[in-house]
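Everything below concerns the one structure shown next.
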Amino acid sequence: MSAPARRSRPTHVLEVVAVEWRAPHIVRIWAGGDGLAAFSDATPTDRYVKLWFTQPGHDLDAPWDVEELRATLAPEQLPVSRTYSVPVVEAERVAIDVVVHGDVGLAGPWAARAQPGERIVFSGPGGAYVPDPSADAHLLAGDESAIPAIGAALAWMAEHAPTAVGTAYVEVHGAADELPLPRPAGIELVWLHRGDDVAAGTSPVLADAVAAHAFADGRTQVFAHGERESMKAIRDVVRRQGIRREDLSLSGYWAYGRTEDRFQAEKREPIGQIL
């Protein structure tokens, strides 16, 4: 029996139009162009795309179909992807937020040096979460990697559910990384500082804050995304609180000590399972 055909995975192309440093470790890439058409139905507030980077010496004419490339190129020639949130979609441009930790990683150093006119190859967007205005309370939790999605959710609530109540816990290095995030008056924004000398992914401050959270009576909708082991600890907390599966958006955006490629591969292994 022949193997099933892989589904088509087309890519799209955008062009950098501006670069904005929002905080010491967060850079926002504004991009526009023909690829904007891919976002016409991208309504979830946790929108994300996969950015594709070609291997040195193996430039490709974009756009391309990822699965067609896999059928024709050697593994070492294939472009690699990194996943990033798209918190803002406007008529003429979109925002892609990237966490930067010096020269570590692939997309971070690229974003730190990006210039207007550069092309961005991406696939997507994906996403599934939208705040539910009928929920009695909202709990949002994440580290820097989740700030774009949390910020987009809070902005959505400010416009569409201004009476929403709840708490958003956001873990960052320190006060310099705090951002002005528009939100309803009833949503408390709590910044958690792990310390400038503490590596991201090694602090328990986020999970501890959620464990100490006073859950309101009624139905709480939870959005928690960030480092994988921290999300597992938060998973255990919300399970003890009896949060319904349909009221829970929880996943690991990354894992401490893992490359992006290894992290993605582990999603199919027991260590990578969260829900």
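Residues are listed down the side, and each one gets a yes or a no for (1) in contact with a Lys or Arg (Cβ under 8 Å, 6 or more places away or on another chain); (2) of a type in the set (Val, Ile, Thr); (3) more than 26 Å from Ser8 (Cα to Cα):
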{"position": "Pro79", "(1), (2), (3)": "no, no, no"}
{"position": "Ala91", "(1), (2), (3)": "no, no, yes"}
{"position": "Asp97", "(1), (2), (3)": "yes, no, yes"}
{"position": "Asp103", "(1), (2), (3)": "no, no, yes"}
{"position": "Gly108", "(1), (2), (3)": "no, no, yes"}
{"position": "Arg113", "(1), (2), (3)": "no, no, yes"}
{"position": "Gly117", "(1), (2), (3)": "no, no, yes"}
{"position": "Phe122", "(1), (2), (3)": "yes, no, no"}
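Among the residues in segment 236-258, are any within 15 Å of the chain's Cα centre (by Cα), among the charged types (D, E, K, R), surrounded by fewer than 21 Cβ atoms within 10 Å (Cβ to Cβ) and at pLDDT below 95?
No, the conditions are met nowhere in segment 236-258.
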Checklist entry - Of all residues in segment 171-207, which are touching a residue at least 60 places away in the same chain (Cβ under 8 Å), part of a loop (DSSP other than H, G, I, E, B) and acidic (Asp, Glu)? => result Glu178
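In segment 9-123, which strands (runs of 3 or more DSSP E) lie fully inside it and hold 1 or more residues that are over 30 Å from His160 (Cα atoms)?
Working: elements: 12-23, 26-32, 48-53, 80-85, 94-99.
The strands (runs of 3 or more DSSP E) meeting that bar are 12-23, 48-53, 80-85.
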Item to check | Qualifying positions in segment 180-208 - buried (at least 18 other Cβ atoms within 10 Å of the Cβ) and out of contact with any helix residue (DSSP H, G or I) (no Cβ under 8 Å at 6 or more places or on another chain) | outcome: Ser203
Checklist entry - Looking at (1) assigned to a loop (DSSP other than H, G, I, E, B); (2) within 18 Å of the chain's Cα centre (by Cα); (3) modelled with pLDDT of 95 or more, can you tell me which one Pro133 breaks? => result (2)
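How many of the residues making up segment 140-166 are aliphatic (A, V, I, L, M) and within 17 Å of the chain's Cα centre (by Cα)?
The initial filter retains those residues of segment 140-166 that are aliphatic (A, V, I, L, M), namely 140-141, 146-147, 149-150, 152-155, 157-158, 161, 164-165.
In the following step, the residues that additionally are within 17 Å of the chain's Cα centre (by Cα) were identified as 140-141, 146-147, 149-150, 152-155.
Count: 10.
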Checklist outcome for this item: Over segment 165-206, the set of residues out of contact with any Ser or Thr (no Cβ under 9 Å at 6 or more places or on another chain) and either charged (D, E, K, R) or closer than 21 Å to Gly218 by Cα (or both) is Val165, Thr167, Ala168, Tyr169, Asp177, Glu178, Arg183, Asp196, Asp197
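The values are calculated or read from the model by the stated rules, or taken from the named source; none is laboratory data. All of these numbers come straight from a predicted model, not from anything done at the bench. Reconstructed Cβ throughout: ideal geometry from the backbone, glycine too, with neighbour counts over all protein chains shown.
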